[in-house]
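Colleague: Could you have a look at this structure, given as structure tokens, before my questions?
The values are calculated or read from the model by the stated rules, or taken from the named source; none is laboratory data. This structure is a prediction, so every number in the text was calculated from the model and none was measured. All Cβ positions, even for glycine, are placed from backbone atoms using ideal geometry, and neighbour counts span all protein chains on display.
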Amino acid sequence: MLDTIREFGADALESTSHSETYARRHQEFFLRMAVQARQEWFGDRQSEWSEQLAINLDNFRVAMEFATQHPGDEAALQLVNGLAGLWQSKSRLTEARRWINKALQAEQPRTIEHGLALWHGTYYGMVQGDRAAFELHRRCGEVAELLDDDFLRGRVPANEVFAITLWGQDVPRAMDAYAHTRELLRATHDQFALVASYCQSSALLAAHGEQAKALAEVDTGPQELAHMPQERCLRSYLLAMKVLCPWSSGELNPARDLGRTVLLDALEQGDTMSAAVSAEYLSWVLCGKGEYELATALLGGAGALWRQVGALLWGESGLNSLHAATENDLMAALGAERFTQLYAHGAERPPTSWPNWSMRPARTRGSSTYSPSAPSTAALWGRSLPENAKSPNSSRTD
């Protein structure tokens, strides 16, 4: 009904001589909202802004479409950059990259907004494991040098070291690069890129068996958030990485308790990335404890969220190998048919039910823990992660 009314109103407006005037006013209103959200994202209104941006996503799409069709004032670039908090917290990276590319094609001036759009496009592409996105990185470096801008200069090596983490095998080289990059980021007070670097380095170290160093990175990261006491997304990422450390050293009960805490927090925020990471690691822990059915269902749920992100564990080869090993262990324990059934069922269940799964006592192999006839699909997903999640079987816009 609302779509019908919206289409009727749009058609009626299009028939008047004022359609472009009203479209521009609409764009200006939501541009102001995006700019304000960007300025206040790391303050005490982050949760509020996350909700408001998600609720108004359709309005932002209309504004971005108009801006790309009427270039010249950088509105398109400001909009895609202003929505960075939404793109990342709700993991709408595919859609973000599409709008960034359209904005970059429409707006050619080499400005700060242009450089930031190039940086975001590179970063989102790397999170999705797309090496071709690194071409934007080269252009971002050119803009940074042309503008002689220290902020962009700090962010350029941040993406370079992330690339080493994802696709390189030289851990010492990567850690040296992180140390150098963090000095640049501290100098420009770029807390987001700074703390993100600790998430990345801890994942790299954990994936290569250096648990003590990984834990040190996780413990150091929050100290960089002293000036952002309300920043929750990055804290969740760091805590999710911390689950790996006791798991890899065989301390499964502490890993399970921490995993549940982080998962609950991520679900409360509606933070898809943190929820995917937490559910993934918690499934590894449950597998280690012999709770194979719970682990498989949770792994299936994590897989559904990873499909929204457009990647698995940031494309980091070491972590993906651990994921594959867990899948193999579960399939060997349950058999291919039971594994497939539970995995698919987990992907359909509402994420809010996951913490309850992880609290259940272990079942013996072959017992019936879940009912495939339980409520599932789009309606449950929509209620579970507000303004973000849809069933992997439903239509998507990103």
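Colleague: Using the structure shown, decide if Val171 is modelled with pLDDT of 90 or more and of a type in the set (A, V, I, L, M).
Modeller: Taking the combined requirement at face value, the residue does not satisfy it.
Colleague: Further question on the same structure: May I ask you to list the residues in the range 270-289 that are under 30 Å from Trp49 (Cα atoms) and not in a loop (DSSP other than H, G, I, E, B)?
Modeller: Thr272, Met273, Ser274, Ala275, Ala276, Val277, Ser278, Ala279, Glu280, Tyr281, Leu282, listed by residue number.
Colleague: Taking the conditions exactly as written (buried (at least 20 other Cβ atoms within 10 Å of the Cβ), at pLDDT 95 or above and either within 19 Å of the chain's Cα centre (by Cα) or in the same structural domain as Leu104 (by TED's automatic domain parsing) (or both)), does Phe30 satisfy them or not?
Modeller: no
Colleague: Moving on. Among the residues of the range 209-245, count how many are outside any helix (DSSP H, G or I) and at pLDDT 75 or above.
Modeller: Of the residues in that region, 2 qualify.
Colleague: Something else now. Test Trp87 against the stated conditions and say whether it is under 29 Å from Ala304 (Cα atoms), among the aromatic types (Phe, Trp, Tyr) and at pLDDT 95 or above.
Modeller: So Trp87 fails the test.
Colleague: Inspect the range 113-136 for any residue being within 26 Å of Gln69 (Cβ to Cβ), acidic (Asp, Glu) and not assigned by TED's automatic domain parsing to the domain that holds Trp306 and give the result as yes or no.
Modeller: There is at least one residue in the range 113-136 that is within 26 Å of Gln69 (Cβ to Cβ), acidic (Asp, Glu) and not assigned by TED's automatic domain parsing to the domain that holds Trp306.
Colleague: Separate question: Which residues, counting only those in the range 264-290, are over 14 Å from the mean Cα position of the chain (by Cα) and hydrophobic (A, V, I, L, M, F, W, C)?
Modeller: Leu264, Leu282, Trp284, Val285, Leu286, Cys287
Colleague: To continue, here is another question. Given the structure, is Leu185 in a helix (DSSP H, G or I), at pLDDT 90 or above and under 24 Å from Arg110 (Cα atoms)?
Modeller: For Leu185, the condition - in a helix (DSSP H, G or I), at pLDDT 90 or above and under 24 Å from Arg110 (Cα atoms) - is not met.
Colleague: In the list Ala158, Ala179, Ala206, Ala174, which residue meets the criterion of being within 20 Å of Ser249 (Cβ to Cβ) and either in a loop (DSSP other than H, G, I, E, B) or not polar (S, T, N, Q) (or both)?
Modeller: Only one candidate qualifies: Ala206.
Colleague: Something else about it: Select the helices (runs of 4 or more DSSP H) contained entirely in the range 34-96, then report the ones holding at least 2 residues which are more than 16 Å from Ala106 (Cβ to Cβ) and either of a type in the set (Gly, Ala, Ser) or in contact (Cβ under 8 Å) with a residue 40 or more places away in the chain (or both).
Modeller: Once the helices (runs of 4 or more DSSP H) in the range 34-96 are filtered for at least 2 residues that are more than 16 Å from Ala106 (Cβ to Cβ) and either of a type in the set (Gly, Ala, Ser) or in contact (Cβ under 8 Å) with a residue 40 or more places away in the chain (or both), what remains is 46-55, 84-89.
Colleague: Scanning the range 145-196 for residues that are aliphatic (A, V, I, L, M) and without any contact (Cβ under 8 Å) to a residue 24 or more places away in the chain, which turns out surrounded by the fewest Cβ atoms within 10 Å (Cβ to Cβ)?
Modeller: Among those that are aliphatic (A, V, I, L, M) and without any contact (Cβ under 8 Å) to a residue 24 or more places away in the chain, it is Ala179.
Colleague: Before we move on, is Leu166 in a helix (DSSP H, G or I), at pLDDT 90 or above and not aromatic (Phe, Trp, Tyr)?
Modeller: No, not satisfied.
Colleague: Right, here's the next one. Check off (1) modelled with pLDDT of 90 or more; (2) hydrophobic (A, V, I, L, M, F, W, C); (3) within 27 Å of Ala266 (Cβ to Cβ) for Phe66 and give me the number that stays unchecked.
Modeller: For Phe66, the exception is condition (3).
Colleague: Would it be correct to say that Glu51 is modelled with pLDDT under 95, under 20 Å from the mean Cα position of the chain (by Cα) and within 26 Å of Glu20 (Cβ to Cβ)?
Modeller: no
Colleague: Yes or no: the range 123-131 includes at least one residue that is assigned to a helix (DSSP H, G or I), basic (Lys, Arg), over 16 Å from Ala84 (Cβ atoms) and touching a residue at least 12 places away in the same chain (Cβ under 8 Å).
Modeller: yes
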